Amino acid sequence: MEPPDIDHTYYNGRHYHNRYQVIKEDIPFWIRRVKEFGDPVLELAVGTGRVTIPLAKEGFQVTGIDVSDSMMTEGRRRASEAGAEVEWVKADVRDFQLGRKFNTIIFPLNTVCHFLDLRDLEACLSCVKEHLARNGRFIIDAIVPSAERLARDPDERFFNSEYPDPDGEGVVKVYESNRYDPASQVNHVKFHYQVPGRSEEIVEELNMRMYFPEELDALLKYNGFGIDAKYGDYDDASFGPTSPKQMIVCGPGE
Ligand SMILES: C[S@@+](CC[C@H](N)C(=O)[O-])C[C@H]1O[C@@H](n2cnc3c(N)ncnc32)[C@H](O)[C@@H]1O
């Protein structure tokens, strides 16, 4: 199994952190779920600990796995700064053996969309099953594919975000364009980074497989999971026609 080329997806851990740290609205959702299902917690694709560090600060026992050294280096630095105890494990979420079980396994922020084909998704689900306690829960956060966004003209660029340059040089601006392939259901996103002091833009590609709601439910079911709850946003609203998110809570099936 080829390791994913993460450092050419999110630029690097320091930039990822500065760009994504503003996303905080999902944190209370994860704290509520861990209160409901208990620790120990395993976060798949932990990144820089954006979710795991607040969970550790709530007093939960947490382990995070990720393939990217630059993400986890930044995560370790932040955890130690925050006085949060996190176990960091370098591993591929499609192929890991930790030799123990977890009451809650979480997969935040659309990372499931990194699995571009069913083989990768099913390999991950099989590892999750091995690591899930008998009454444990696996919770996925996946975007609901937006027809409008996927239909964008690939030659058009849209403002995505801006964030402080981690080298202290000013503000980094990010623009995005995307080309959706309806056959593979992969959205090929390009991020164009304008970094102060650099004359050329840095262009990174993020390929995101879109998982449609009925499809994801079926994949979970046929890979041996039972769905207990499905929320449509981070505020625990029921999943429905206008939901932006698929927040799926599942346990080992019958
Ligand atoms: C969108 S970030 C999410 C990070 C973190 N969970 C958060 O919510 O901020 C995606 C993360 O997935 C990791 N990743 C992607 N594919 C992976 C794989 N096959 N195994 C482990 N980590 C992976 C990347 O290194 C990156 O840190």
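The values are calculated or read from the model by the stated rules, or taken from the named source; none is laboratory data. Just so you know, these numbers come straight off a predicted model, no measurement behind them. As a convention, Cβ positions derive from the backbone with ideal geometry for all residues, glycine included, and neighbour counts pool all protein chains shown.
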What about GLU162, is it touching a His at 6+ places or on another chain (Cβ under 9 Å), not assigned by TED's automatic domain parsing to the domain that holds ARG100 and not in a loop (DSSP other than H, G, I, E, B)?
-> no
Being surrounded by fewer than 19 Cβ atoms within 10 Å (Cβ to Cβ) and of a type outside the set (Lys, Arg) is the filter here, so list the residues in region 121-138 that pass it.
-> GLU122, ALA123, SER126, GLU130, ALA133, ASN135
When you look at ASP153, is it within 16 Å of the ligand (Cβ to nearest atom) and either closer than 20 Å to ILE53 by Cα or surrounded by fewer than 18 Cβ atoms within 10 Å (Cβ to Cβ) (or both), yes or no?
-> no
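May I ask you to say which residue of TYR211, TYR234 is within 18 Å of LEU118 (Cα to Cα), in contact (Cβ under 8 Å) with a residue 12 or more places away in the chain, part of a loop (DSSP other than H, G, I, E, B) and not acidic (Asp, Glu)?
One residue alone meets the criteria, TYR211.
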Is it the case that SER177 is among the polar types (S, T, N, Q) and within 16 Å of the ligand (Cβ to nearest atom)?
-> no
From THR48, THR52, THR73, THR63, grab the single residue that is under 20 Å from ILE248 (Cβ atoms) and hydroxyl-bearing (Ser, Thr, Tyr).
-> THR52
Given the conditions (1) surrounded by fewer than 20 Cβ atoms within 10 Å (Cβ to Cβ); (2) modelled with pLDDT of 95 or more; (3) within 11 Å of the ligand (Cβ to nearest atom), every one holds for ASP141 apart from (1)
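Residues checked against (1) assigned by TED's automatic domain parsing to the domain that holds CYS127; (2) out of contact with any strand residue (DSSP E or B) (no Cβ under 8 Å at 6 or more places or on another chain); (3) not in a strand (DSSP E or B):
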{"site": "SER184", "(1), (2), (3)": "no, no, yes"}
{"site": "PRO196", "(1), (2), (3)": "no, no, yes"}
{"site": "GLU205", "(1), (2), (3)": "no, no, no"}
{"site": "LYS221", "(1), (2), (3)": "yes, no, yes"}
{"site": "ASP228", "(1), (2), (3)": "yes, no, no"}
{"site": "ILE248", "(1), (2), (3)": "yes, no, no"}
Would you mind stating whether TYR180 is surrounded by 13 or more Cβ atoms within 10 Å (Cβ to Cβ), touching a helix residue (DSSP H, G or I) at 6+ places or on another chain (Cβ under 7 Å), at pLDDT 95 or above and not assigned by TED's automatic domain parsing to the domain that holds ILE23?
-> yes
Among the residues of region 97-109, how many are under 15 Å from ALA45 (Cα atoms) and crowded, with 19+ Cβ neighbours inside 10 Å?
-> 5
For the subset of region 212-254 comprising residues that are surrounded by 14 or more Cβ atoms within 10 Å (Cβ to Cβ) and among the basic types (Lys, Arg), which member is farthest from GLU36 (Cα to Cα)?
-> LYS245
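Please enumerate the residues belonging to region 110-149 that are assigned to a strand (DSSP E or B), under 17 Å from GLY253 (Cα atoms) and not basic (Lys, Arg). If you could, list the steps in order and put the result at the bottom.
The initial filter retains those residues of region 110-149 that are assigned to a strand (DSSP E or B), namely 132-143.
Those left that are additionally under 17 Å from GLY253 (Cα atoms): 132-140.
Once the filter is applied, which keeps residues that are assigned to a strand (DSSP E or B), under 17 Å from GLY253 (Cα atoms) and not basic (Lys, Arg), region 110-149 yields LEU132, ALA133, ASN135, GLY136, PHE138, ILE139, ILE140.
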